[in-house]
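The values are calculated or read from the model by the stated rules, or taken from the named source; none is laboratory data. Keep in mind the model is a prediction, meaning the values are calculated, not measured. Cβ: placed from backbone, ideal geometry, glycine included. Neighbour counts: every protein chain shown. Quick note on the areas: whole protein, heavy atoms, side chains included, nothing else; ligands and nucleic acids left out. Shrake-Rupley method; radii C 1.70, N 1.55, O 1.52, S 1.80 Å.
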Amino acid sequence: MTTIASERPAERPTSRVTLRTDRERAPRSDRRAGLLLSSPFLIIYLLFMIGPLLVGVVVSFFNTTTVKSGLGGWVGLANYRAVLEDSLFWSAMWHSVLFTLLTTPLLVVLALAFAVLASRIRRGTVFYRLAFFAPYVVPSSVVVLVFLWMYTPQVGLVPKLFSAVGLTSPDFIGSTSGGWTAVVLMTLWWTFGFNFVLYTAAIQDVPPEVYEAAAIDGASPWQQIRFLTVPLLGRTTSLVLILQILASLKVFDQIYLLLGGGPNQSTRPVIEYIYDTGFTSYRGGYGAAATMVYFVIIVAISAVWYGLRHRRTTVAERAAERPAPRAERRTS
Amino acid sequence: MSGALGRRRFLALGGGLALSGGLAACSSPLATGLAGTQPDTADVIFWNLFTGGDGANMVLMENAFRKAHPGLSVEATILGWGNPYYTKLALATASGTPPDVGIAHLSRLPLLAAAGLLEPVQDAGVGELGITADKFTPAAWKKATVDGTVYAVPLDTHPFVLFYNTDLARKAGLLDAAGDGLKPMKDGAAFTDALRAMKDAGAQYGAVMSTTADPSTCWRYFSMIYSGIAGPVVTDAGTKVDVDDDAARSTFAFMQSLTAGGLMPRSLTGSGVNALFSTGKAGFLFDGEWQIPTYRGVKDFHFNVVPFPALLGPKPVAYADSHSLVIPRSGKRSSARTAHAALFIKSLLNNSATWAHGGHVPAWLSTQRSKAFLDQTPQRNYVQAAFNAVYDPVAWYTGAGSDFQTTVGSTVIEVIAGRLSPKSGVSRLRSDLKRYTTARPPVTIG
């Protein structure tokens, strides 16, 4: 970078200066309009995001209870220590991670596969897109109700299908492995439509000339998918992946409604742990501390992901720029 | 310019209209909801957690009140049983929008009372209606009293009881001379013999109970046997683990002696219990009396229900809980509404013979001694259990469907299934309890 600056001292600074003066010269009313236009969002963001977050941070240092007004007694870091020492917190954490590990790969791969298939269909594209996306708009309570009926032992559709072919159905509600299977299958059916839509949009952005050229070169449909579609969707995949990881880590409603975190809390995700301690056991301060621990972990995962992506893109950019710097370095 | 003014004037006019409309509609649920107050949609707003047979009986009792008091309306809301119900009741009361009357398990009372969420019932004037201590099962009334103040009116006692298949018991020679009860069993050994006799009489199992994924039932079972030889597992308002290691070990050993010998299955779900007991493949069933309606409808199936005999102690113990009626505290409730609430409570007590159809023992003695109740079999057989009732220990975390029951019950499940030895069961029990005794209580009890 320094070599570049020394080689071309005149160009860059001026451009930077003009940019800065541009910004300074922006009329006052314009800035006011910008602020005014974004104020609804800012107010809601402060009121419902930053505000509660700060309240949560404060509360986590007190023995606050949800059944009485006021903060309760100051306990310092004791809540945090107790959360970190609670084996139930860590097993709940593991359940959230396990859910993420079980669902994320399937939800990404299946969404990609179905998006590719749906894009190659000549007729009825709209129907397939709608069919795949439709479950996503159904509320979780309704989805759980439907699946609960299907999973119910003896009378449910799934156990009946099992017994029709002479197999014993797993205990979807009463056993740990059955519970995980039930939740993962239900989540797959319910949520993969969102990733499907993201992929469908990205596929539509790929110019048809690319495929035409590939076809002229004699690439088979499978080769086109393998060497064109999938690599061209790289950026989308990386977006889908992080969105899916974060969404899966935040799992609560479908597990809570379908299994109540049971049997014996063996499927209870960390958000239900927070709900149980903070609301059911009325320990608001403790629940807030658990929330903060979890919040930090989620932010850390997002930051690591962002860092990795950033490095990859800069590496790619550098790779693209390679010839020019080399030439300049040689001159210096 | 005039266009902009016109638009502003239009918006102002619209806003004003909306505001005045909102004020005029102050009594509507939408307006009260936005203002955060409880809409006075009825004279008595009643929250409960009853579905199924109990729910149907409760509706009959509400209708009886409506009939007796034609001028008064009742609005009953049914919420999900267990934690969801108590969370809503506590949060609604803490935020100033409570119902007028609510159902609460007596095992859940200590925290609700200590948090100041309940009106002492005497303040609501129930004493003037004749609702006094001497007219209730003593154990229930005592449990409704916290630090000398009565916070709840007990509706019933629902103990953990012993079901048995009458036909199998006759074959096994377990029936008494009159043929309508079991021969007395004086200790655990006699009880084990009875289970063996049931098995010899052709049952697949001597007894069954719901264990798999049913920590509450397992906790009741443990609590009943353990209470025969030792006091509560936690004391000092739930801040001290007070487990008698020997008593806990022998309780676990007794449980394992029944499953290890094949008299009881090591693991069984609720539906499995149903299938085995109702088809005569199990002699005894350990469960709450609320299961009576489940089996009453089964064709050609004869069963009876009695209190458990003394198992490991000198006297029989009935692990029990009670449904009670509470008046959540509200600064805004008028004295007229409070009076209606008291009338409603009195009416439910008077109609508690209907409630007993669900298997529960009425706590209101005049109903308990009435013909309407004494004609009900097998309910009348286990009234004594209500007097021998042992409740969950007093603590902020105990009670019906609580996380405490889930955690401790899960350890009992492991022992019953044979995955934990009695000795490691005890240390696991201690560490389960430690989690709660060392946790900082949300409110101080006592």
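Miscellaneous remarks
- Subset tally (residues that are of a type in the set (A, V, I, L, M) and part of a loop (DSSP other than H, G, I, E, B)) for the stretch B:195-218: 4
- Looking only at the stretch A:206-257, and only at residues there that are under 23 Å from residue A:302 (Cα atoms) and among the polar types (S, T, N, Q), the one that is surrounded by the most Cβ atoms within 10 Å (Cβ to Cβ): A:244
- Residues of the stretch B:262-304 satisfying the condition of being aromatic (Phe, Trp, Tyr) and open to solvent by 10 Å² or more (accessible area, probe 1.4 Å): B:290, B:301, B:303
- Tally, over the stretch A:142-176, of residues that are open to solvent by less than 80 Å² (accessible area, probe 1.4 Å), closer than 20 Å to residue B:270 by Cα and either more than 12 Å from every other protein chain (Cβ to nearest Cβ) or not hydroxyl-bearing (Ser, Thr, Tyr) (or both): 13
- When residue B:272 is tested against (1) away from chain A (no Cβ under 14 Å); (2) over 20 Å from the mean Cα position of the chain (by Cα); (3) not aliphatic (A, V, I, L, M), just one condition goes unmet, and that condition is (1).
- Taken over the stretch B:405-427, the residue count meeting the criterion of being more than 25 Å from the chain's Cα centre (by Cα) and either more than 13 Å from chain A (Cβ to nearest Cβ) or buried (at least 19 other Cβ atoms within 10 Å of the Cβ) (or both) is 9.
- Pick from the stretch B:357-387, criterion buried (at least 21 other Cβ atoms within 10 Å of the Cβ) and not hydrophobic (A, V, I, L, M, F, W, C), ranking: nearest to the chain's Cα centre (by Cα): B:360
- Residue ranges of helices (runs of 4 or more DSSP H) in the stretch A:95-211 with at least 1 members farther than 29 Å from residue A:232 by Cα and at pLDDT below 90: A:140-151, A:157-164, A:176-205
- Within the stretch B:188-226, tally of residues that are among the polar types (S, T, N, Q), surrounded by 21 or more Cβ atoms within 10 Å (Cβ to Cβ) and within 14 Å of chain A (Cβ to nearest Cβ): 4
- Some residue of the stretch A:177-191 being within 14 Å of chain B (Cβ to nearest Cβ), open to solvent by 30 Å² or more (accessible area, probe 1.4 Å) and not aromatic (Phe, Trp, Tyr): yes
- Test result for residue A:82, within 14 Å of another protein chain (Cβ to nearest Cβ), in a helix (DSSP H, G or I) and in contact with a Pro (Cβ under 8 Å, 6 or more places away or on another chain): no
- Selection within the stretch B:130-141 - surrounded by 14 or more Cβ atoms within 10 Å (Cβ to Cβ) and within 22 Å of residue B:380 (Cα to Cα): B:135, B:136, B:137, B:138, B:139, B:140, B:141
- Whenever a residue of the stretch B:156-170 is touching a residue at least 40 places away in the same chain (Cβ under 8 Å) and open to solvent by less than 10 Å² (accessible area, probe 1.4 Å), its partners that are assigned to a helix (DSSP H, G or I) and aliphatic (A, V, I, L, M), lying with C-beta atoms within less than 6 angstrom and at least six residues away or across chains, give the pairs B:157/B:140; B:157/B:386; B:159/B:385; B:160/B:224.
- When we screen B:359, B:401 for residues that are more than 14 Å from chain A (Cβ to nearest Cβ) and in contact (Cβ under 8 Å) with a residue 24 or more places away in the chain, the only hit is B:359.
- Comparison of B:354, B:444, B:437 shows that the only residue that is under 30 Å from residue B:90 (Cα atoms) and either open to solvent by 50 Å² or more (accessible area, probe 1.4 Å) or within 12 Å of chain A (Cβ to nearest Cβ) (or both) is B:444.
- Residue match in the stretch A:90-100 (condition: open to solvent by 40 Å² or more (accessible area, probe 1.4 Å), away from chain B (no Cβ under 14 Å), touching a residue at least 40 places away in the same chain (Cβ under 8 Å) and within 30 Å of residue A:207 (Cβ to Cβ)): no
- Candidate set: the stretch B:98-119, residues that are closer than 21 Å to residue B:442 by Cα and more than 14 Å from every other protein chain (Cβ to nearest Cβ); chosen: the one most open to solvent (accessible area, probe 1.4 Å): B:119
- The selection criterion, being under 16 Å from the mean Cα position of the chain (by Cα) and either more than 28 Å from residue A:59 (Cβ to Cβ) or modelled with pLDDT of 90 or more (or both), does not hold for residue A:332.
- Of the residues A:34, A:72, A:56, the single one that is in contact with a helix residue (DSSP H, G or I) (Cβ under 7 Å, 6 or more places away or on another chain) and more than 14 Å from chain B (Cβ to nearest Cβ) is A:56.
- Complete set of residues in the stretch B:50-96 that are among the hydrophobic types (A, V, I, L, M, F, W, C) and within 14 Å of chain A (Cβ to nearest Cβ): B:79, B:81, B:89, B:90, B:91, B:92, B:94
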